[in-house]
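Just so it is clear, none of the values below were taken in a lab; they were calculated from the coordinates. Computed from a predicted model, the values in this text were never measured in an experiment. For neighbour counting, all protein chains shown are included, and Cβ atoms are generated from backbone atoms with ideal geometry for every residue, glycine included.
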Amino acid sequence: MNEQSVLEMRGIYKSFPGVKALQNVDFTLREGEIHALMGENGAGKSTLIKVLTGVYSKDEGDIFLKGIENAVVIHSPQDAQKVGISTVYQEITLCPNLTVAENMFIGRGTGVIQDWKNMNKDADKILMSLGIPAVSTQQLASCSLAVQQMVAIARAVDMDCKVLILDEPTSSLDEQEVQKLFGLMRDLKKKGVGIIFVTHFLDQVYEVCDRITVLRDGQLVGEYEIKDLPRVKLVAKMLGKEMDDMSDIKSDAKTYEAKDKSDVVFEAKDLVSDAGIRPFDFHIEKGEVNGFTGLLGSGRSECVRAIFGADRVLGGEVKKNGKPIKISKPIDAMKNGIAYLPEDRKVDGIIGDLSVRENIILALQVMKGFFKPFTKAQAYAFAEEYIKALNIKTASADTPIKSLSGGNQQKVILARWLLTHPDYLILDEPTRGIDVGTKVDIQKLVLKLASEGMSITFISSETDEMLRTCSRLIVMRDRKVVGELKGDELTQGKIMSTIAGGENG
Amino acid sequence: MKKKLLAVLMSAVMVVSLTACGGSAPAASGDAAPAADSGDAAPAADSGSSGDLIKVGIINNDPNESGYRTANDKDLKEMFTKENGYDASFAYSLKNDEQITAAQKFITDGVDYLLLSAADTAGWDTVLKDAQDAGIRVILFDRTIDAPDSLYEASIVSDMAKEGQTAVDWLAGQNLPEYNVIHIQGVMGSAAQQGRSGALDTKVAAESNWNIVTQQTAEWNAEKAQQIVQSVIDAGTPFNVIYAENDDMAKGAVAALDKANISHGVGKDVVVMGFDCNKWALEELLNKNWNYDGQCNPFQASYIDEIIKTIESGGTVSQKTIIMDEKGFDASSITQEDVDKYGI
Amino acid sequence: MSSETKIQTRKVKGGSIFRNQIFIPVAALLLLALFNLIADPSFYKITLGYNSTGDPVLSGYLMTILDYGSELAILAIGMTLVTAASGGQDISVGAAIAIAGSVILRVLCGHDSRPETLQAPIIVAFLVACVVAMLFGAFNGALVAYFKIQPMVATLILFTAGRSIAAWINNNELPIISDPSFAIYGGFIPGIPIPTPFFIAMICVVITMLALKFTNLGLYTQAVGINESSSKLNGLNPAFIKFLSFVLLGLCVAVAGLIKVSRLSSINYSVIAKDIEMDAILAVALGGNSLGGGKFNMLASILGAYVIQFLTTTLYKFNVQSDALPAYKAVVVIALVVMSTPKAREFMSKIGKKLKPAERSVA
């Protein structure tokens, strides 16, 4: 074992029925480094992590840890913790109704008796040393998501961990929160902790990581110093091809600008819902792609939910193709040719236990009516058509959607709404937590659909993505619309200044 | 907020409708509806005999529990009326603690007599002592309790063992060459089950030509009795007597026999025996579909009335435990009069 | 490429025989059947006899199972829907059967509790009972769907009050129907040797299957049960679907109530269909359906109901005290709960995989 290394995995194999998830994968983590583990969905990142933390048992291969002579055997997450490997997952797995200190210590004591006083003191000490803005006696639920994530990290770090795995920790954080988290990661790095960072955000990788390991189709592509691997090359390695798709997309977007003004498809005036947004005006034209932008919690999702009738609409006038309509619940919107891909795929999108086929046909089926079910053959035809069209990777149309990877789940939901043939499609964070390949697919699809005449509202936390796809941006701050940008105004700087409340207010 | 209000409203409606159920049931069955548990300050009644009414507090089990209890409650209500010189209040519960609470309330109200059919045998000492201290006389009916008999004046009960014995004696008197009995028991451990099972068990143990084909509890439930008998029929085991410890279970057993075309009743293949003397059961006897029905006398009111009269006139009650007369009816000798008089 | 995927799917299917839902009730059934075969093969004897009116009837333990399992099978249909949609169970079905039964008798008897002739056609009585039972179902459903009360808590109200309501409907009297045409529903149709309850159950099953095929009842119920929020965004009205499931259970209750009161041509309010709610819930669980709602398999539930009756009949045959039956059922519940855990399933499919290659090498 190399002296600098804190963890080495050698020749790891793992297969599931019908799938070789990992084949001869090596992975090395050095002391005091932040190491990005990259790959598309299904490349084997999760499997590798789960092997390391004892959730899965590996078929072959060895794991070595610094300070331990022989290969370590890890059968369970508890084993992993014992040898100093801790994991913080994307979804926070703490108890929101306990205090911060309780969350940090509970279930770790050796005895039954818990020393409450010292526990709080110790907790405060750790929080202080890591610069986490939380108080030990505070209820966890009252902390922001980022702080909760940090508490989870604090809990992990305090368990004498040498290897800290962060699995998509930033996907529900906004930019400021991400910066705080990165600060914490850098501190830990200085203390000699080796951090494995799993993320989809390329920017973040280049901001905070030292080295990158890339996996593809269960195999190791390579291990690189960050400075040796520019972005474009990283993406190419992940996808297994050199790509200039990004530039394609941009040129597509430009073509729209040249188009003439066309008909207004959807129009809202003083629309307001019970989700706490200020009344807003909105319109979208045929074949247009526009978007809502703003910080997390600025009300951009609430706006589109109001349009779709997902929240209770309290007032405002709505017109579709110039005719006044009334949308008080989702089915009204659907019948008027509006489709909505929700922000939270797990909570609002997928019906986990149902098959891909049922998930695809659901919305159209509901529109068709209770007494008119599609025949099996029709349903399969629809499903197969869209599985092919969107290149959804699934064993069959009967596979439960929950067993698909995140990106493919998202494609299924997209298929569901495309199947209803809407003329106005709302996409709320369609690319969140999705691998780069699918992201590009979705962006391209959006532009293609728009060129075919569909109107699309696109929301994303990644400004780049918005800039690439949208020709008009509605900027939000503090639950109200503060500006609208188009044409030459569509630059990072302009968006930032509008969000922040610059000269234009 | 609105939802909460609605929920409250709904539950209120529920409660009202429940009270309505309780209230209208006796009224519709044609009672001389006494002022149930509102009790006090009864206006001067027309009876006018000795001027004051005797205040009695009656604690009983829920009349919905069984036909027996319904008849029992009806009997009490017909006896303790203003016309008969009583001011009666009623409290019903199948739970001991609720009954004790009711007793305490009656003591506070200052009743003259406390009539009690206890849900459970234990736990009555303290409250009965309180009654004694307050000068209230206690009379137990239908059920005994585990308490010193100095705490009550009298206890009017059925002798379940005697009921069983009467039935078994009657069965022995049928002189069948062989007795293959399906024994369907009540809820195990209840006084009625123990008494009625005891006599049969003793007899079977003693006689060589008496056999138990199956002995099963159907928990007073006709459906279970039907399944038990069905199972014996399916197994093809021969039997010629059904000894069911109440009428409901006998009815269930007979339903299974009918389904399998096994004849029953007077002069038929299977002897059917039941208990409690429900009116419909006695009618079955009258039609000779069943053979025997043992009485479990629910009419304790006249006994109680007698005891109260004795005490009021300064006499003493000679016997603490009074066992009621109970008959057993034979299908070959039962008359329409019996049905009308003893059917409950 | 395509042939490769096909092989893969088949492999997956082969390994997951133990994951298949219907496996649980079928395995339980086979286990019971095998036990009886070894213990006493005469269990399977069916004889053709003639009943008191001279019509042919089949009898034997198997017929008894088909006969007495029917109410449970009918209830299992409704209970499956309620479970799937609301993620909870209705514990008031026993009390609701008492109400439905009481209504039927009340309509048939009119004012006299022991009429010589029926005072109304049976179909009218049944339809009235359906309406009443569905109203009570709607009451439960409204509490669950619109007031968001936990199903078990919501139905506790009717569970407690139902039997008193049933008694009140008939003025606490005991109606008895002497007309033999009423006994058909719990007995035999003249000339047909198979018990009527089984036919009624099968009609219900067929109607249910048609409803699942020709409407979106199944898809909607499952969608709502799995993910309410997502269903709402797909244009469904989750509250209404939950409500509907309780109303449909009410309909099942009315049918079961008809059979129950027909069996004895009478009713005992306090014990009719006692504890049947537990059996109905057990049937759903035995069908491998999650009691937490979501995906369901209707046929598995129905099979589960008959398996429970199979167990009950077996226990009666071996003279197990009937008040000990719940203990045996408890054992089944424990076995089920253990079997349905992912750990046990993984274990079983591992065994299954080990068996597979052996078979192949033999072939």
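Assorted remarks:
- Once the Cα atoms are used to define both axes, helix C:325-340 deviates from the longest principal axis of chain C by about 30 degrees.
- Considered as an equivalent ellipsoid built on the Cα gyration tensor, segment A:1-66 has semi-axes of 21, 13, 9 Å, the largest given first.
- Checking the cross-link pairs A:Lys58/C:Lys353; A:Lys14/C:Lys343; B:Lys77/B:Lys279; A:Lys45/C:Lys295 against a 22 Å limit on the alpha carbon distance flags A:Lys45/C:Lys295 as lying beyond it.
- Neighbour counting of Cβ atoms within 10 Å sorts the residues A:Thr99, B:Thr335, fewest neighbours leading, into B:Thr335, A:Thr99.
- Segment A:209-234 residues near the modelled A:Asp59 label - backbone nitrogen below 15 Å, point 7 Å along Cα→Cβ: A:217-220
- Taking the DSSP beta bridges with both ends in chain A, the antiparallel portion is around 55 percent.
- Whichever lysines have a C-alpha closer than 25 Å to that of B:Lys129, once near sequence neighbours (fewer than 8 apart) are set aside: B:Lys55, B:Lys95, B:Lys105, B:Lys309, B:Lys320
- The convex hull of the Cα atoms of segment A:344-421, projected and averaged over all directions, covers 4.8 nm².
- Taking only the Cα atoms of segment B:182-333, the radius of gyration and Dmax are 18.1, 64 Å.
- Length gained when the stretch C:Leu135-C:Asp179 is fully extended (0.36 nm per residue, less Cα-Cα span): 13.0 nm
- Semi-axes of the equivalent ellipsoid for chain C, Cα gyration tensor, largest first, Å: 37, 28, 18
- Taking other C-beta atoms within 10 Å as the exposure proxy, A:Leu166, C:Leu37 rank C:Leu37, A:Leu166 from fewest upward.
- Most mobile listed residue (C:Leu156, C:Leu233, C:Leu258) in chain C, GNM with C-alpha springs under 10 Å: C:Leu233
- Multiplying the residue separation of B:Asn211 and B:Asp97 by 0.36 nm and removing their Cα-Cα distance gives an extension gain of 36.8 nm.
- Rounded FRET efficiency, nearest 0.05, which uses the C-beta distance separating A:Ser15 from A:Lys190 and R0 of 41 Å: 0.55
- Between the helical axis of C:217-226 and the longest alpha-carbon principal axis of chain C there is an angle of about 70 degrees.
- Nitroxide proxy distance, nm - points 7 Å out along Cα→Cβ at C:Val338 and A:Glu223: 4.6
- Size-normalised alpha-carbon gyration radius of segment A:5-239, reference 2.2 N^0.38 Å: 1.02
- Among C:Asp90, C:Asp67, C:Asp275, residue whose mean-square fluctuation peaks in a GNM of chain C (springs only between Cα atoms under 10 Å): C:Asp275
- Its Cα gyration tensor gives chain B an equivalent ellipsoid, and the semi-axes of that ellipsoid, as √(5λ) in whole Å with the largest first, are 40, 25, 19.
- In chain B, helical runs assigned H by DSSP with n ≥ 4 each contribute -39500 (n - 2.57); averaged across all residues and rounded to the nearest 500, the mean residue ellipticity at 222 nm is -13500 deg cm²/dmol.
- Antiparallel content of DSSP bridges confined to the protein assembly as shown, in %, to 5: 40
- Applying 1/(1 + (r/R0)^6) with R0 = 30 Å to the Cβ-Cβ distance of B:Lys341 and C:Ile203 gives a FRET efficiency near 0.05.
- Rough spin-label spacing in nm, given labels placed 7 Å along Cα→Cβ, for B:Ser150 and A:Lys233: 10.6
- Here A:Glu60, B:Glu283, A:Glu288 are placed in order of increasing Cβ neighbour count within 10 Å, fewest first, which gives A:Glu60, B:Glu283, A:Glu288.
- Within the listed set C:Ile38, C:Ile74, C:Ile189, the Gaussian network model of chain C (springs between alpha-carbon atoms below 10 Å) gives the highest mean-square fluctuation for C:Ile38.
- Over all distinct Cα-Cα pairs of segment A:413-475, the Kirkwood formula returns a hydrodynamic radius of 12.0 Å.
- Pairs from the list A:Lys346/C:Lys148; A:Lys393/A:Lys494; A:Lys237/A:Lys402; A:Lys82/A:Lys411; B:Lys74/B:Lys251 with a Cα-Cα gap above 32 Å: A:Lys393/A:Lys494; A:Lys82/A:Lys411.
- Per-bin percent of Cα-Cα distances, chain A [10 Å]: 4, 17, 26, 26, 18, 8, 1, 0
- Over all directions, the projected convex hull of the C-alpha atoms in the protein assembly as shown averages 60.0 nm² in area.
- DSSP H segments from chain A that extend 15 Å or more along their own axis, Cα-based, with Kyte-Doolittle mean of 0.5 or above: A:145-158, A:356-368, A:436-451
- With R₀ set to 35 Å, the beta-carbon distance separating C:Met348 from B:Asp120 gives a calculated FRET efficiency near 0.15.
- Report summary: the helix-based calculation at 222 nm, which adds -39500 (n - 2.57) for every DSSP H run with n ≥ 4 and divides by the residues of chain C, gives -23000 deg cm²/dmol.
- Estimated inter-spin distance, A:Tyr206 and C:Leu48, nm [label 7 Å along Cα→Cβ]: 8.7
- Principal-axis tilt of helix C:276-286 within chain C, Cα atoms, nearest 10 degrees: 20
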